[in-house]
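Peer 1: Got a structure for you, questions after.
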Amino acid sequence: MLLKEKMLLKDRPSSAIVAVRDLDRAREFYTNTLGLYDEGGSPQRVLGLKTGNTRLVVYESDQAGTNKANAVVWSGGEEFDAIIDQLREQGVEFEKYPELGMAIEDGVHRAGDFKGAWFKDPDGNILHVNNM
């Protein structure tokens, strides 16, 4: 069965979604530490955040923090270093993944022109910023 062009998801907006155990603690981290804008108007126990052209939905779940892979990735572009410095000033601690085979300095992984940093939210969700 062929899908009609208008039904395809390729042109539809999407959202990133992250599960947390404590929505108030998550709100503090995502709005104050990361500086994301709380859109408000979300259903009870759901937080809608604006980040670039994406909506990040944060909701409560007993399964929070069980994902062992990236939950959210941001492109820092040319502002990567400034973003990392600001996150560090906000108390964010960066993860180190030597198994990736990259040089690591002050929590920033480097390989060729690539720079990336991984950190966790209070529930252990893995968040990532890179310069691409």
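Peer 1: Tell me yes or no: at least one residue of segment 3-13 is open to solvent by less than 100 Å² (accessible area, probe 1.4 Å) and either modelled with pLDDT of 85 or more or not hydrophobic (A, V, I, L, M, F, W, C) (or both).
Peer 2: No, every residue in segment 3-13 fails to be open to solvent by less than 100 Å² (accessible area, probe 1.4 Å) and either modelled with pLDDT of 85 or more or not hydrophobic (A, V, I, L, M, F, W, C) (or both).
Peer 1: Restricting the search to segment 70-108, which residues are closer than 21 Å to residue 36 by Cβ, over 15 Å from the mean Cα position of the chain (by Cα) and among the aliphatic types (A, V, I, L, M)?
Peer 2: 82
Peer 1: If you go through segment 52-62, how many residues are closer than 18 Å to residue 130 by Cβ and among the acidic types (Asp, Glu)?
Peer 2: Summing the residues that are closer than 18 Å to residue 130 by Cβ and among the acidic types (Asp, Glu) in segment 52-62 gives 0.
Peer 1: Return the residues of segment 63-92 that are under 21 Å from residue 132 (Cα atoms), modelled with pLDDT of 95 or more and in a loop (DSSP other than H, G, I, E, B); say none if nothing qualifies.
Peer 2: Matches in segment 63-92: 76, 92.
Peer 1: Count, please, the residues in segment 24-50 that happen to be basic (Lys, Arg) and in a loop (DSSP other than H, G, I, E, B).
Peer 2: Counting residues in segment 24-50 that are basic (Lys, Arg) and in a loop (DSSP other than H, G, I, E, B) gives 1.
Peer 1: When the residues of segment 93-122 are narrowed to those that are small (Gly, Ala, Ser) and not in a strand (DSSP E or B), which ends up surrounded by the fewest Cβ atoms within 10 Å (Cβ to Cβ)?
Peer 2: Once the filter is applied, the top-ranked residue is 112.
The values are calculated or read from the model by the stated rules, or taken from the named source; none is laboratory data. Treat the numbers as computed from the prediction; the structure is a model and nothing was measured. As a convention, Cβ positions derive from the backbone with ideal geometry for all residues, glycine included, and neighbour counts pool all protein chains shown. With ligands, DNA and RNA removed, areas are computed over all heavy atoms of the protein, side chains included. Shrake-Rupley method; radii C 1.70, N 1.55, O 1.52, S 1.80 Å.
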